[in-house]
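Everything on this sheet refers to the single structure shown next.
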Amino acid sequence: MIFRDGLFEKKVVLITGGGTGIGKSTAMEFAKLGADVVIASRKLENLEKAAEEIKEKTGRDVLIRQLNVRQEESVRDMFESVKSEKGRVDILVNNAGANFLSLSEELSVRGWNAIIETILLGTFLCSKYACKIMKEQEEGGTIINIGATTGIFGSPFALPSATGKAGLEGLTKTLAAEWGRYNIRVNLVAPGVVWTEGFVKNVGATEALLENIRRNTPRGIVAEPEDIAWAVIFLSSPAARAINGVTLIVDGGHYFAKGFDISF
Ligand SMILES: NC(=O)c1ccc[n+]([C@@H]2O[C@H](COP(=O)([O-])OP(=O)(O)OC[C@H]3O[C@@H](n4cnc5c(N)ncnc54)[C@H](OP(=O)(O)O)[C@@H]3O)[C@@H](O)[C@H]2O)c1
């Protein structure tokens, strides 16, 4: 165990998109550390499977809630229901996201909106309703947004995703400054490529791409979902009490090293 046993005991942690990939892994790692975990997304079957898996591995019950982060009513109802069931929300992980590849000149408004709304509107709405609960808590709370290195460096053929993730930088810094008064910290974790089913499906990724990323990353380390979870856990922990409004890149150094062509 990397973190102290029971580190998040009595803490309610809500993870959007917590039924799959990085979100599921983050839910699992928080549960191992004693957190009271809630996972929420559109597909109940994914949430149910994830909750079963977490219970099996950690012995902890996980609350599941159906949620569409693009709809304010759905977000509002979900937070109300979690508040009435758990009484509080200590940590929110805005992990729900979506992506697909397209030539930017062929991109439809519908496609643009679907991704921008999931990333930006979704993160805004969940943060807004989490704040209403956290600001009433003496201990305040912590919000971690999941961005992407594509928001910093750009990503050809993934315009709405790269634009949305870049927008999360401004959202994170703004809320970090504004909600300090409520004792709420807001930070951003920006993964590079993480080999999840969602990633492989969304961008049609192949083993050759993985190999290429490995070759262009110092020490050849491509982050696993757990690597992202541990970054989220660190930023949510008391060890990060003085860290607010930052972006923590978790990509093994891939984007910085790429320019030097380390694969000679
Ligand atoms: N994998 C990577 O290489 C990578 C790199 C950088 C950043 N990220 C970010 O990491 C996060 C997780 O990605 P992942 O790789 O783990 O992919 P994933 O498994 O596809 O996760 C995306 C999650 O978002 C949920 N979601 C999508 N639209 C939603 C909506 N409207 N309302 C509520 N939930 C919604 C999905 O659940 P439902 O379908 O059940 O709604 C799903 O659980 C995303 O924000 C992604 O952009 C991933």
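The listed peptides 111-120, 146-155, ordered by packing as a protection proxy, come out as 146-155, 111-120 (highest mean of other Cβ atoms within 10 Å first). If R0 equals 25 Å, the separation of the Cβ atoms of Lys49 and Glu73 corresponds to a calculated FRET efficiency of about 0.45. Straightening the chain between Arg4 and Glu139 buys 46.6 nm, computed as 0.36 nm per residue apart minus the Cα-Cα spacing.
Using the Stokes-Einstein relation with a Kirkwood hydrodynamic radius computed over Cα pairs, the translational diffusion coefficient of the chain at 20 °C and a viscosity of 1.002 mPa s comes to 115 µm²/s.
Note on the chain: helix-only mean residue ellipticity at 222 nm, from DSSP H runs of 4+ residues weighted -39500 (n - 2.57) and normalised by residue number, equals -13500 deg cm²/dmol. A simple spin-label model places the labels of Phe100 and Arg241 4.7 nm from each other, with each point 7 Å out along Cα-to-Cβ.
Span-like helix criteria (full DSSP H runs; alpha carbon extent of at least 24 Å along the helix axis; mean Kyte-Doolittle hydropathy of at least -1.0) are satisfied in the chain by 159-178.
Our estimate of slack between Ala208 and Val109, defined as 0.36 nm per intervening residue step minus the Cα-Cα distance, is 32.5 nm.
If R0 equals 51 Å, the separation of the Cβ atoms of Arg215 and Glu80 corresponds to a calculated FRET efficiency of about 0.55. Averaging the sequence gap over all C-alpha pairs within less than 8 Å and six or more residues apart, then dividing by the number of residues, gives segment 58-160 a relative contact order of 38 percent. Within segment 12-258, antiparallel bridges make up roughly 0 percent of the DSSP beta bridges whose residues both belong there. Sorted on the mean count of surrounding Cβ atoms within 10 Å across their residues, most packed first, peptides 164-176, 72-84 read 164-176, 72-84. Under the criterion of Cα pairs below 8 Å and six or more residues apart, the relative contact order for the chain equals 18 percent. Split the accessible area of the chain by element, probe 1.4 Å, and carbon with sulfur accounts for 51%. Protection proxy ranking of 92-100, 122-130, 54-62, 203-211, by the mean of other Cβ atoms within 10 Å over each peptide's residues and highest first, is 92-100, 122-130, 54-62, 203-211.
The values are calculated or read from the model by the stated rules, or taken from the named source; none is laboratory data. Worth saying up front: this structure is predicted, and the values here are computed from it rather than measured. As a convention, Cβ positions derive from the backbone with ideal geometry for all residues, glycine included, and neighbour counts pool all protein chains shown. Surface areas here come from the heavy atoms of the whole protein model, side chains and all, with no ligands, DNA or RNA. Shrake-Rupley method; radii C 1.70, N 1.55, O 1.52, S 1.80 Å.
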